[in-house]
Amino acid sequence: MGKNLTQKILESHMLAGALKPGAEATIRIDQTLTQDSTGTMVYLQLEAMGVGKVSTELSVAYIDHNTLQTGFENANDHAFIESVAKRHGIVFSKPGNGICHQLHLENYGAPGKTLLGSDSHTPTGGGLGMLAIGAGGLDVAVAMASGEYSLTVPDVFRIELSGRLRPWVSAKDVILFVLGELSVKGGVGRVMEYGGEGLESLSVTDRATIANMGAELGATSSIFPSDENTRAYLRSQGREADFRPLAADCDAEYCGLLRVELPKLVPLAAKPHSPDNVDSVAGIGEIKVDQVAIGSCTNSSYTDLMKVAAILKGRRVHPDVSLVISPGSSRILGMLASNGALADLIASGARIIENACGPCIGMGQSPRSGAVSLRTFNRNFRGRSGTLDAGVYLVSPETAALSAVSGVLSDITRSGLAPADIAPVDFPGNDSFIVVPEACGADGAGPRMGPNIKPFPRNEALPDTLSATVALCVGDNITTDDIMPSDSRLLPFRSNVPYLANYCFEKLDAGFAARCREAGRAAIVGGENYGQGSSREHAALAPLQLGVRFVLAKSFARIHRSNLINCGILPLRFESPGDRGGIELGHELLIEDARRQALEPRIMLKNTRTGATIATIGGFSELEKAVILAGGRINLAAASKKP
């Protein structure tokens, strides 16, 4: 029996465990990345571990999320991260260099390597044939300290591509089609592995766009083979030496299959307020557009922006539309400036903003009240743009550019425009924004701690009897944006969990934080796919700060479940989702003999208000059991150091 590509990379990096879906395995991590929104917590945790130089081949700290410096908080976080990077031998990418995933693709990604990142869109690296996985900050800190990462071995699902895309239909339309077919839960517990003769027509940046939005499927990762297109991309970046061919065996087995006929695809859009709420642009119709935003780690490549420039050249942005463009990296911006494309963008009436995540993470450029905003981004959750009642549609750069000119959502395949022919180019070097640590590794200087940087909360060891009051009951597909809002108002406080906790769940229930504090120990009841979306650890840390001790749900998103466990918060699944024991807000739930029960697959809770007994599933691995008993990953690490 042959092996798929995911199996081959996992096998070559196995340190312990079994390479069997559902089993726990520990693998070697070659590279890590962090960004500043999650990075302060990662580096506070790394410092708490008392390690010296990191154990990975390469670790990079990027500054790309909190770059809007309206107060001292963001600048202090940047200084803290840079000081810790210097101490531990971590490459530091300064603000203005660009978006972490685009930069890592350009500068460091390599076929066959493993990459762990404290950002859910780390799988962008799968476009280069990497096994790139998004994780919570503490998992990334542990990987930097030890070079290891433990995970539940995923199933591998094949997406087979055939034919070629029609002119003006793009990679964004491919992944929107997949999301429409499989939903935001379709990749949970899986790696999405792409294959088929249709790959020949997709560049590495096309593949990276598709792999990037695999995060919206809930997938552990997405991966493409490494072939001659991969070689060509690495050659253009001056890194052909990093190339190695990688592919699945022809008789490899998969847990499932989705066939995508590329010639049949049309321009698509994800309608508000979910990435899988997909329809054709033609089917949605010519709705009036107020704002267009082009960029993000999904669609800010050189090729994407050159296509946008070709559409906008000689045309003007509609008077009623605000068009903002954020290039993915400083090199891309420099190339656009050198070849004249930047002048074409500006002449059209586009606003060019910093090479950063910006509007995608809610950091500026919020649309007006009730606006329709077309964005080439990866998420359109309600309120993520910073405007709660805005309608955000996810589209390709081609659709976005034409719609910015017409003032309405427009199907570019019906425009009569000749397809843009973007010639391959070599990327010039630019290390002006990179700070490389000294070869000797960590120095003796302490980290630079600003007044807004507070210690992260710590849990207590799991007691024998655990009781909690239900402080919130919510439905399906609760996102990390719902749990811990992310916008320009709160992002500067990512290193201050006590402050952030005041705003936990504020968009769904403004009384949540107060009820938690009144209860002392609290519980949350949710539905399917609880915690989908970002890898942000704050969606677990803020509830921990408020005294949340367990979450009951029908199912959990992978990264959020891990983050809860790392905080010592029990994520428990209802054994019978239709029988929730009559749980309501304010009911007290009791777990007796909790330390013993945590070691069992099944955990029984008692509703002291109704007398009902509720059967739940923990399903913890051996490592997770140890973390739960200790009250969190940091507590377990500290205990292991004691004589």
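The values are calculated or read from the model by the stated rules, or taken from the named source; none is laboratory data. All values derive from a computational prediction rather than experimental measurement. Glycine gets a Cβ as well: all are built from the backbone with ideal geometry, and neighbour counts include every protein chain shown.
No other residue among G22, G96, G112 is assigned to a loop (DSSP other than H, G, I, E, B), crowded, with 17+ Cβ neighbours inside 10 Å, at positive phi and touching a residue at least 60 places away in the same chain (Cβ under 8 Å) apart from G112. If you go through the range 340-365 and keep only what is free of Cβ contacts under 8 Å to residues at least 60 places away in the same chain and among the small types (G, A, S), you end up with G340, A341, A343, A347, S348, G349, A350.
Residue-by-condition table, conditions (1) crowded, with 19+ Cβ neighbours inside 10 Å; (2) within 24 Å of Q45 (Cβ to Cβ); (3) among the hydrophobic types (A, V, I, L, M, F, W, C):
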| site | (1), (2), (3) |
| --- | --- |
| P455 | no, yes, no |
| A461 | no, yes, yes |
| T465 | no, no, no |
| A468 | yes, no, yes |
| I478 | yes, no, yes |
| L490 | no, yes, yes |
| R494 | yes, yes, no |
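Scanning the range 210-233 for residues that are more than 21 Å from I133 (Cα to Cα) and out of contact with any Leu (no Cβ under 8 Å at 6 or more places or on another chain), which turns out surrounded by the most Cβ atoms within 10 Å (Cβ to Cβ)? Checked the range 210-233; the qualifying residue surrounded by the most Cβ atoms within 10 Å (Cβ to Cβ) is R231. Here Y233 fulfils each of the conditions (1) among the aromatic types (F, W, Y); (2) touching a strand residue (DSSP E or B) at 6+ places or on another chain (Cβ under 9 Å); (3) in a helix (DSSP H, G or I) apart from (2).
Counted as qualifying within the range 563-643 are the helices (runs of 4 or more DSSP H) with 1 or more residues that are touching a strand residue (DSSP E or B) at 6+ places or on another chain (Cβ under 9 Å) and either surrounded by 15 or more Cβ atoms within 10 Å (Cβ to Cβ) or at pLDDT 95 or above (or both), namely 594-597, 622-630.
Scanning the range 169-208 for residues that are more than 18 Å from V278 (Cα to Cα) and of a type in the set (K, R), which turns out surrounded by the most Cβ atoms within 10 Å (Cβ to Cβ)?
Let us first name the residues in the range 169-208 that are more than 18 Å from V278 (Cα to Cα), namely 188-208.
Restricting the remaining residues to those that are of a type in the set (K, R) gives 190, 207.
Values: R190: 25, R207: 27.
If we take residues in the range 169-208 being more than 18 Å from V278 (Cα to Cα) and of a type in the set (K, R), then R207 is surrounded by the most Cβ atoms within 10 Å (Cβ to Cβ).
Only strands (runs of 3 or more DSSP E) whose full extent lies in the range 127-209 are considered here, and the ones with at least 3 residues that are more than 24 Å from Y302 (Cα to Cα) are 148-152, 155-162, 190-195.
Any residue in the range 146-168 that is crowded, with 24+ Cβ neighbours inside 10 Å, at pLDDT 95 or above and over 21 Å from A247 (Cβ atoms)? No - not one qualifying residue is present in the range 146-168.
Taken over the range 322-371, the criterion of being of a type in the set (S, T, N, Q), buried (at least 17 other Cβ atoms within 10 Å of the Cβ) and either outside the structural domain of V408 (by TED's automatic domain parsing) or assigned to a helix (DSSP H, G or I) (or both) is satisfied by S330, S348. Residues satisfying the criterion are absent from the range 417-434 (criterion: among the aromatic types (F, W, Y), within 30 Å of R561 (Cα to Cα), touching a residue at least 12 places away in the same chain (Cβ under 8 Å) and not assigned by TED's automatic domain parsing to the domain that holds G631). Per the conditions (1) assigned by TED's automatic domain parsing to the domain that holds R315; (2) of a type in the set (D, E); (3) exposed (fewer than 12 other Cβ atoms within 10 Å of the Cβ), the sole criterion not satisfied by E398 is (3). The set of residues from the range 61-90 being among the polar types (S, T, N, Q) and closer than 15 Å to M363 by Cα comprises N66, T67, Q69, T70, N74. For first residues located in the range 518-540 and in the same structural domain as C473 (by TED's automatic domain parsing), partners that are part of a strand (DSSP E or B) and among the charged types (D, E, K, R) and lie 6+ apart or on another chain with Cβ distances below 9 Å form the pairs A519/E588; R521/R549; A522/R549; A523/R549; A523/E588.
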